[in-house]
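Data block below; observations after.
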Amino acid sequence: RALDGRHATFASIAAKSLPKSLWWAVDAVVVTLMLGLMSSYLMIVGNLVTRCASGWRPVWVTLGLVIVAPLSSLKSMDSLKFTSTLAMIFMLYVAGIVFSHFENKETEPIIVNIGSLQALSLTTFAYTAQTQLLGVSNELASYSQGKMDFVIVTSILLCCALYCGVGYCGDSTFGHKVNADLLESYPAS
């Protein structure tokens, strides 16, 4: 939160930390990050849904955009508790599938090459939560730095455990044959 107790915003932080001529820089970075993130999500929707349901890819991508766009305009994060719960259920379901199909095969050393860039759009999801930090701090009941630190550390540890567990199981199961999107490595059934 802002030091004066008001709700913190990227604009208020930029006003206090940047020269006045660069007020727009923080907004430009956040908008660019969110557009890239949105594009990545829509690519994943297009890839995964067309594998599961027949149809024309642009239709599914457009449908995903029509569903998500209004949700991104809500004034309060509390308004997203239903969709956030649903997302957590789906994420745990996918992790359960990965863990249940785990086969401990001999793993090979990781090789980084130009093909590694194919996973970049998926990897960015692990590093985009910082844009939500101000919203979370503004809506935290009885805000204190200790509570905020607890939320941050707990979130990072849970995500790290889930990412590492799913990554290890996927790599051990498929080795270098794993697709950039792990879910595409599994049979469509």
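The values are calculated or read from the model by the stated rules, or taken from the named source; none is laboratory data. What you see is a predicted model, and the numbers here were worked out from it, not measured in a lab. Here the Cβ positions follow ideal geometry from the backbone for every residue, glycine too, while neighbour counts run over all protein chains shown. Areas reflect the complete protein model, heavy atoms only, side chains present, ligands, DNA and RNA absent. Shrake-Rupley method; radii C 1.70, N 1.55, O 1.52, S 1.80 Å.
Observations
- Only one of LEU86, LEU157, LEU134 that is modelled with pLDDT of 90 or more, within 20 Å of the chain's Cα centre (by Cα) and either more than 20 Å from LEU42 (Cα to Cα) or aromatic (Phe, Trp, Tyr) (or both): LEU157
- For SER54, the conditions (1) more than 21 Å from ALA87 (Cβ to Cβ); (2) small (Gly, Ala, Ser); (3) part of a helix (DSSP H, G or I) all hold with the exception of (3).
- Checking SER76, SER40 one by one, the residue that is open to solvent by less than 80 Å² (accessible area, probe 1.4 Å), touching a residue at least 40 places away in the same chain (Cβ under 8 Å), under 27 Å from SER185 (Cβ atoms) and of a type outside the set (Asp, Glu) is SER40 and no other.
- Restricting attention to region 148-189, the residues being within 15 Å of SER100 (Cα to Cα) and surrounded by 13 or more Cβ atoms within 10 Å (Cβ to Cβ) number 15.
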